[in-house]
Amino acid sequence: MRQARAVSLTIVLAGVVLLLGARVGGQTATGDPAVLALMQQINQVLATSSLNVAVEQIEFFTIGQGRPSNRILAQEFRWVANDPRRLADGENITYLVDKSDGTTLSGLTNAQTEAAIDRAMNTWQAANPLKKVTLVKRADSGADPDIFDSFFGFGGFGNPFLADIVNAGWLPRAFFEAVGGPGGGRGILAFSVTFIFVDGNGNPTDINGDNRLDSALNEVYYNDTFGAPGDRVNNPWGINVALPGIDVETVALHENGHSLGIGHFGPPPAAVMNPVYAGIRHEPLAIDNAGMSTVWASWPK
Ligand SMILES: [Zn+2]
């Protein structure tokens, strides 16, 4: 979120209402029309940059009422081993935890939240489907490692290729209201946003011929409303806390499930990747691992 870098790309999205149908930009988009419109607006700005990336998916993890998955394209996306465009660490997948936003208004320290995120990543690493890929943690150098927040005025436009997956920390309620729309600020616990690569003409790429679009970067944002003074005080972020508290490791396991390539499903069955928070869940279930197996079966192709 850091503010250090000048932001020429920051655009004011608040208050913009575009009612789009199911067809956006000639492609079959699915999800909340207002969220899809924001994603398209961001992509119009990104198209003027030299990054050759586009927002493809936003998945909200909520408490209470669920929200639809938001996808611009119907085709699936995958990480590509050795992709030079994202400065890939060979066949490894890298992640980074942004220490600048790691504390919570509910009283957690950066050390506590970072350790919980690390536990979640270690859990995925230990799951059978991910044994063929190594998850490598990159140190937070202090440079701004994320970009999505900048489009809403909540941070600078950072370097998006410091790691494949960035756990971008805890941001204010207003950010989640801006991204998710009415009620988002108090209903969304966290979300994952996936960007794909596009070519110079803005067309999605598939450089390894696996019939999947090429993932470029993934950012995870956590909502600091929960347990903030005077706001959702009954649902504070905590470490290994049962409901009505919100367990950081459980949410991190879910969000980084998206980062590693799987979407929402169920319930039923119960799963880490259910779209609504249901209390502590520190281990993937069979259905989660089945999803991961599909995604990683052909790695490193
Ligand atoms: Zn989710």
Every residue from the range 250-301 that is charged (D, E, K, R) and within 21 Å of THR134 (Cβ to Cβ): GLU255, GLU283, ASP288, LYS301
Hits in the range 281-301 - residues which are loosely packed, with under 15 Cβ neighbours inside 10 Å, aliphatic (A, V, I, L, M) and either assigned to a loop (DSSP other than H, G, I, E, B) or touching a strand residue (DSSP E or B) at 6+ places or on another chain (Cβ under 7 Å) (or both): ALA297
Which listed residue is over 16 Å from VAL193 (Cβ atoms), away from the ligand (no atom under 16 Å from the Cβ), surrounded by 22 or more Cβ atoms within 10 Å (Cβ to Cβ) and modelled with pLDDT of 95 or more, from ALA116, ALA120: ALA116
Some residue of the range 235-244 being modelled with pLDDT of 95 or more, within 24 Å of LEU96 (Cα to Cα), more than 16 Å from the ligand (Cβ to nearest atom) and crowded, with 21+ Cβ neighbours inside 10 Å: yes
Inter-residue pairs, beta-carbon under 6 Å, first over 16 Å from ALA174 (Cα atoms) and in the range 145-159, second assigned to a helix (DSSP H, G or I) and modelled with pLDDT of 95 or more, 6+ apart: GLY156/SER150; PHE157/SER150
Residue in the range 248-260 that is surrounded by 22 or more Cβ atoms within 10 Å (Cβ to Cβ), part of a loop (DSSP other than H, G, I, E, B) and in contact (Cβ under 8 Å) with a residue 60 or more places away in the chain present: yes
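Residues are listed down the side, and each one gets a yes or a no for (1) assigned to a strand (DSSP E or B); (2) closer than 16 Å to ASP214 by Cα:
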{"residue": "GLN41", "(1), (2)": "no, no"}
{"residue": "SER49", "(1), (2)": "no, no"}
{"residue": "VAL55", "(1), (2)": "yes, yes"}
{"residue": "GLU59", "(1), (2)": "yes, no"}
{"residue": "GLY64", "(1), (2)": "no, no"}
{"residue": "ARG67", "(1), (2)": "no, no"}
{"residue": "ALA74", "(1), (2)": "no, yes"}
{"residue": "VAL80", "(1), (2)": "no, yes"}
Some residue of the range 189-210 being among the β-branched types (Val, Ile, Thr), more than 21 Å from MET39 (Cα to Cα), touching a helix residue (DSSP H, G or I) at 6+ places or on another chain (Cβ under 9 Å) and not in a loop (DSSP other than H, G, I, E, B): no
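The values are calculated or read from the model by the stated rules, or taken from the named source; none is laboratory data. All of these numbers come straight from a predicted model, not from anything done at the bench. For neighbour counting, all protein chains shown are included, and Cβ atoms are generated from backbone atoms with ideal geometry for every residue, glycine included.
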